[in-house]
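What follows is a short report on a single structure.
The values are calculated or read from the model by the stated rules, or taken from the named source; none is laboratory data. The model shown is predicted, which means the values in this text are computed figures rather than measured ones. With ideal geometry, Cβ positions are generated from the backbone for all residues, glycine too; neighbour counts draw on all protein chains shown. Remember, those area values only see protein heavy atoms, side chains included, never the ligands or the DNA or RNA. Shrake-Rupley method; radii C 1.70, N 1.55, O 1.52, S 1.80 Å.
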Amino acid sequence: MQVDIRPIQSALNEEIISIDLLTQGQIGPIYTLQTTDSKYLLKTSDPSERLITEARMLKDIKKYEISVPAVHAVSDSYLLMEYIQEERVDVKKSEVMAADLLSRLHRVTNESRMYGYWYDTTIGPFEQLNEQTQYNWTLFLGQMRIMPMARIAYDKGYLPKEVVARFEGLCRDLYKYIDMGTITPSLLHGDLWSGNILFNIREAVLIDPAIYFGDREMELAFILLFDTFGETFFEHYAEVHPLSREFHETKVPIYQLYPLLVHVAIYGKSYLPALEKRLKQLKV
């Protein structure tokens, strides 16, 4: 993709010295951009609302004094952000920093006590549907997360019809598995693997959000799925938000279904055995 730097130059009001490809993102190339005084991160894509939505999510998180990159300019084809300089941090220290950051994020709720968000968000290359009037967590989880992603994976030819039917049955009965009386809506990052939290000696910083209001333990199940953090993180986090009694046995296999379905939809059938393992744990 050829990058037109003219609008970026205008937005910065600084001379751009160099622009270098950093990596290929899920929706387009990502570059580092150097000016005389500063370094920036530039995400690009074919014209769509995705980068505009990402900028909106970052700004929303920042309102709560949670560390995310500052947004400098955005359009339907590029997002110019602060470049976060990573530094080597001791593993235990980084896990304590992450636990502090996420426990603060998860304290954020909303006055209406709703699940979802005020607009549709994104996760990876996919739209993430939300509702503004959903007060039932298990209905939201089934109707707005698990089943839409199962249908995407099915339409791509990765998820057998029989497995879709098992998901439908599970989603009808989610209220039987989860005690909703102990859950309040928490603001979630939504896609918290190790690549989406950066560290330096000053702080931990969240990037690439997929935000919505949900059970905070949804985030923790995601963290366990990809071994993002270990025992130090969970001990420190639980000092602020103790884990529910049903977390490990019931919530973890249920809550890991959604990110696994996202991975099936992106990467294909190699993630089906992991899905099957969770469904068998749940006797579905």
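When the stretch 104-118 is filtered for residues that are open to solvent by 10 Å² or more (accessible area, probe 1.4 Å) and among the hydrophobic types (A, V, I, L, M, F, W, C), the ones remaining, listed by number, are Val108, Trp118.
Please indicate, with yes or no, whether at least one residue in the stretch 244-252 is under 19 Å from His189 (Cβ atoms), open to solvent by 30 Å² or more (accessible area, probe 1.4 Å) and not acidic (Asp, Glu). Please lay out each step first, then the result.
Step one: list which residues in the stretch 244-252 are under 19 Å from His189 (Cβ atoms), which gives 247, 251-252.
Cutting the leftovers down to open to solvent by 30 Å² or more (accessible area, probe 1.4 Å) gives us none.
No.
For the stretch 75-82, the count of residues that are within 18 Å of Leu188 (Cβ to Cβ), open to solvent by less than 20 Å² (accessible area, probe 1.4 Å), at pLDDT 95 or above and not hydroxyl-bearing (Ser, Thr, Tyr) is zero.
Quick check on this structure: which one of Thr121, Thr133 is open to solvent by 20 Å² or more (accessible area, probe 1.4 Å), of a type in the set (Val, Ile, Thr), assigned by the TED database to the domain that holds Phe199 and closer than 30 Å to Tyr255 by Cα?
Unique residue meeting the criteria: Thr133.
When Ile183 is tested against (1) farther than 30 Å from Glu87 by Cα; (2) open to solvent by 20 Å² or more (accessible area, probe 1.4 Å); (3) of a type in the set (A, V, I, L, M), only condition (2) is not met.
Can you pull out the residues in the stretch 236-283 that are polar (S, T, N, Q) and out of contact with any Pro (no Cβ under 7 Å at 6 or more places or on another chain)? Hits for the stretch 236-283 are Ser244, Thr250, Gln256, Ser270. Checking each residue of the stretch 216-233 against the condition of being farther than 12 Å from Ala98 by Cα and modelled with pLDDT under 95 gives at least one match.
Can you find even one residue in the stretch 271-279 that is open to solvent by 10 Å² or more (accessible area, probe 1.4 Å), at pLDDT 95 or above, farther than 16 Å from Gln128 by Cβ and of a type in the set (Asp, Glu)? Spell out how you get there, then give the answer.
Step one: of the stretch 271-279, the residues open to solvent by 10 Å² or more (accessible area, probe 1.4 Å) are 271-274, 276-278.
Okay, now just the ones that are also at pLDDT 95 or above, so 271-274, 276-278.
Next, only the ones that are farther than 16 Å from Gln128 by Cβ stay: 271-274, 276-278.
From what is left, the residues that are of a type in the set (Asp, Glu) are 276.
Taking every residue of the stretch 271-279 in turn, at least one turns out to be open to solvent by 10 Å² or more (accessible area, probe 1.4 Å), at pLDDT 95 or above, farther than 16 Å from Gln128 by Cβ and of a type in the set (Asp, Glu).
Scanning the stretch 28-57 for residues that are touching a helix residue (DSSP H, G or I) at 6+ places or on another chain (Cβ under 7 Å) and surrounded by fewer than 18 Cβ atoms within 10 Å (Cβ to Cβ) gives a single hit, Thr35. Just to verify a result, which residue in the stretch 110-148, among those that are in contact (Cβ under 8 Å) with a residue 60 or more places away in the chain and over 17 Å from the mean Cα position of the chain (by Cα), is farthest from Arg202 (Cα to Cα)? For the stretch 110-148, the residue satisfying everything is Trp137. Which numbered condition trips up Val96, out of (1) closer than 27 Å to Phe234 by Cβ; (2) surrounded by fewer than 16 Cβ atoms within 10 Å (Cβ to Cβ); (3) not small (Gly, Ala, Ser)? For Val96, the failing item is (2). Residues in the stretch 249-275 that are without any contact (Cβ under 8 Å) to a residue 24 or more places away in the chain and touching a helix residue (DSSP H, G or I) at 6+ places or on another chain (Cβ under 9 Å): Glu249, His263, Ser270, Tyr271, Ala274. Annotation: of all residues in the stretch 253-270 being part of a helix (DSSP H, G or I) and among the small types (Gly, Ala, Ser), the one that is most open to solvent (accessible area, probe 1.4 Å) is Ser270. One residue alone among Glu231, Glu217 is charged (D, E, K, R) and touching a Lys or Arg at 6+ places or on another chain (Cβ under 6 Å), and that residue is Glu217.
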